[in-house]
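Peer 1: Sharing a structure here in structure tokens format.
The values are calculated or read from the model by the stated rules, or taken from the named source; none is laboratory data. Treat the numbers as computed from the prediction; the structure is a model and nothing was measured. Positions of Cβ are backbone-derived with ideal geometry, glycine not excepted, and every protein chain shown enters the neighbour counts. Protein only, heavy atoms only, side chains kept; ligands, DNA and RNA dropped before computing areas. Shrake-Rupley method; radii C 1.70, N 1.55, O 1.52, S 1.80 Å.
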Amino acid sequence: MLRTLLLSLCLLAGLARADLVIEITRGADDALPIAVVPFGGPQPAGSDGLADIVRADLERSGRFKPLPFEKLPVRPTSGGQVLYNEWRSVNVPYLLVGSATPMPDGRFDIRFELFSVDRQARILGERTVVGAAQWRNAAHLISDKVFQAITGVRGAFSTRIVYVNQYEQGGKLRYRLEMADADGQRPLTILDSPEPILSPSWSPDARKVAYVSFESGRPAIWVQTIETRERQKLASFRGLNGAPAWSPDGTRLALTLSRDGNPEIYVMDVATQALERVTNHYAIDTEPRWLPDGSGLIFTSDRGGSAQIYRLNLADKSVKRLTFEGSYNGRADISPDGRYLVMVHREAGQRFQIAVQDLQTQVMTIITQTPQDESPSFSPNGTQLVYASKRGKYGELGIASVDGRFQVRLPSRLGEVREPAWSPFLK
Amino acid sequence: MLHADARPAPVLETRRALNRSLVLHVLVLGLVAGLPYLHRPPEVKEPPAIQAVLVPKAVVQRHEPTPPKPVEPTPAPPPEPPKVELPPPVMEPPKIALPKPKPEKPVEKPVAKEEPKITKPLLKKPLLNTASFDAEMDAMRKEVQQHERQAELDRIKQEMDKQATAMKVSANQALVASYIGKIKSRVETKWNRPLSARAGMSTLLRISLLPGGEVGNVVVATTSGNAAFDASAVEAVRRASPLPVPDDVTAFSQSFRNFTLKFSPEDL
């Protein structure tokens, strides 16, 4: 008893004199309110306002909750006009203001500043000069900077998405490979073909795309440089030629070939086109994706009786099964930090959904509820996924945060939209 | 920083101390209450006539089962009031009238303490009525016993004083602990951890509060190495202002005028 007493006294004395330390281990982690004030100055004819584009970017990320324009108490366009109390009173922790000034050569001088209302500090103050054609690029650049300043993670708003659009023309099906901004805007056709196109895959420098085209009547793997449209046929072996995936260093391509009998995974040296077979199993092995460090691949195999995801170590060719939940797991992608696996998942008797598995905890979370979701692909900063789904006659791309808490759909395209792949960061 | 690990300790310690003091209280009370009971042989001579007391039925029912044990050592102190009423009706013999008051106010420790003294004489007197030698011997014995009893009482009193101090200390501790909990949960609801936050990161902030809990200075004492993470911690504290703090100025000054907040996510 005496000991307890003394101990208590000591503790109390200790608390009083030395440092009281309170540990904060949890957070609210809700989407952050931010005020994006309409930029001052003119904008190119027919363009959206910079603030509109930035607002939409930040909102789509799921991490921000931009204040509706009509709720803005005031509309400053430069830091000199900012009074913190006006923003504190509406509980907005972040504030972005800026303006665009036309220059004599027709370009725009865009300045923007980001403030932390709570810390009463300017976090960013930058400028960029762009032509009218790069107006949206400037907005996405601002979004990237804001996102990084607040979250500590590089923004991926200036990236692209490629996908295959299957549409009808003159009563016939056609296929086109398209590339759009990460917000679905400014779609551009890379290839238009009367025959199916499948499995587009970005080179790590984001300048080339590999894909499977049936234009010759048989599947073949092509590599196309986006800017020059120059194309090269890389593989057209007997049987299946499918699922190309670029290695992180850009020197190799993993692919599925059935030239030796049943579908197996091979690695091709892009420069020499030398092939190495890396799986050897009577079951189907396909859909390879590289581990971020290039040391191995993940792939889909039905060697266990149902399709599941496996990991292959390229050095010793050892294989380890990664997924155990559900009757089907396929078409996996791995996050850039190697922690999360995303895949098309199906429980017995259910529809196909997108699921994320945390490879640290092995917990699998189903993150979409729409029917027939397919082909998930990580954003280069690992915070989001793009996947394809269908709505009636229209196909669309869905974007979801990795925890599934936030989801949006990009503009619909007539016909099917399939096989999206999110680009790496653009250099 | 040194006390980073000590945080959970005060809470635990407080609880343990409280538990122990509770146990001790029950023990002491039981002891005090039990003493007279041990020395109550006089009950032997019960005047049967008086047992037919006229009492409202309800009361009788209540008393009847308990007569032999006026004081129950087991139950905790607070619920005792009903029991206190029990002894009087049953133990009506005049001699026993004295000891009775003791159970009356079990809540008041000092009162309870004095009673045992009175019980003692009762014990002896009825038995003696012969030689004066015997009487003297008895007186001496009584005195010795009284001394012993007194020593025993002093010891109990000391123990209880100690308990009282301990209670006070742990009450203070409990107060501090409760505000630690309040501050913690308030800051946690205001902390929006950036996407780049990972388990294992840790930022230490030195916080100065004004009386009333308004946040004054916030200084990053130890950086996590991630600017967004540090900033999110500072913003959480600013957003949480004013923090809940004790009204008591001493308690505030001792613990909350300056302290450290350690931001270290566990679940990311």
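Peer 1: Relative to the longest principal axis of chain A, what angle (0 to 90°, nearest 10) does the C-alpha long axis of helix A:2-17 take?
Peer 2: Helix A:2-17 sits at roughly 80 degrees to that axis.
Peer 1: Please give the average number of partner chain Cβ atoms lying within 10 Å of the Cβ of each residue in B:188-200, rounded to a whole number.
Peer 2: If you average over the peptide's residues, the count of other-chain Cβ atoms is 6.
Peer 1: From other protein chains only, count the Cβ atoms within 10 Å of every residue's Cβ in A:118-131, then give the mean. Working shown, then result.
Peer 2: Values: counts 12, 7, 1, 3, 0, 3, 0, 0, 0, 0, 0, 0, 0, 0.
Average neighbour count from other chains, rounded to a whole number: 2.
Peer 1: If you scale each eigenvalue of the Cα gyration tensor by 5 and take the root, what three semi-axes come out for region A:350-427, rounded to whole angstrom and sorted largest first? Don't skip to the answer; put the middle values down first.
Peer 2: On the way: eigenvalues 88, 56, 18 Å².
Value: 21, 17, 9 Å, ordered largest first.
Peer 1: Quick check: Cα centre of region B:209-268 to Cα centre of region A:340-375, how many Å?
Peer 2: 40
Peer 1: Let me ask you something else. Kindly write out, for region A:68-79 in residue order, the coupling ³J(HN,Hα) from the Karplus curve 6.51 cos²θ - 1.76 cosθ + 1.60 (θ = phi - 60°), rounded to whole Hz, with x marking Gly and Pro.
Peer 2: x, 3, 5, 8, 5, x, 9, 10, x, 10, 8, x
Peer 1: Residue by residue, what Karplus-based ³J(HN,Hα) values in Hz, rounded to whole numbers, does region B:197-211 have, using 6.51, -1.76 and 1.60 with θ = phi - 60° and x for Gly and Pro?
Peer 2: Each residue of region B:197-211 in turn: 5, 9, 4, x, 6, 7, 10, 10, 10, 8, 10, 10, 10, 8, x Hz.
Peer 1: Counting only other chains, and only Cβ atoms inside 10 Å, what mean value do you get across the residues of A:147-154?
Peer 2: Values: counts 1, 5, 4, 8, 9, 15, 5, 1.
Rounded to a whole number, the mean comes out at 6.
Peer 1: Given a 1.4 Å probe, how much area per residue of chain A is accessible, in Å²? Write out the running numbers ahead of the final one.
Peer 2: Numbers: 18430 Å² over 427 residues.
About 43 Å² of surface per residue is accessible.
Peer 1: Quick check on region B:151-226: take the gyration tensor over C-alpha atoms, sort the square-rooted eigenvalues as a ≥ b ≥ c, and tell me if it's rounded (a/c under 1.5), prolate or oblate. Kindly include the intermediate steps, with their values, before the conclusion.
Peer 2: Numbers: a/c = 3.65, a/b = 2.88, b/c = 1.27.
Note, shape of region B:151-226 comes out prolate.
Peer 1: Now for a separate question. How many square angstrom of accessible surface are buried between A and B, both sides summed, with a 1.4 Å probe and rounding to 100? Please list the in-between numbers first.
Peer 2: Working: alone 20690 and 16950 Å², together 33290 Å².
The summed interface area works out to 4300 Å².
Peer 1: Strictly over 32 Å apart at the Cα level, which of B:Lys162/B:Lys182; A:Lys145/A:Lys233; B:Lys142/B:Lys162 would you flag in this model? Display every interim value, and only then the final one.
Peer 2: Numbers: B:Lys162/B:Lys182 30 Å; A:Lys145/A:Lys233 39 Å; B:Lys142/B:Lys162 30 Å.
Table pairs above 32 Å Cα-Cα are A:Lys145/A:Lys233.
Peer 1: For chain A, take the longest principal axis of its alpha carbons; what is the angle in degrees between that and the long axis of helix A:135-151, to the nearest 10 within 0 to 90?
Peer 2: 70
Peer 1: Across 20 Å bins from 0, what is the distribution of all Cα-Cα pair distances for chain A, in whole percents?
Peer 2: So the P(r) values, bin by bin, are 23, 48, 23, 5, 0.
Peer 1: Starting at the first residue of region A:40-56, write each ³J(HN,Hα) from the Karplus equation 6.51 cos²θ - 1.76 cosθ + 1.60 with θ = phi - 60°, in whole Hz, x for Gly and Pro.
Peer 2: With the stated coefficients, region A:40-56 comes to x, x, x, 9, x, 4, x, 8, 6, x, 4, 5, 5, 5, 5, 3, 4 Hz.
Peer 1: A follow-up question, please. Can you give the accessible area of A:Trp202 in Å² (nearest 10), computed on protein heavy atoms with a 1.4 Å probe?
Peer 2: Number for this one is 20 Å².
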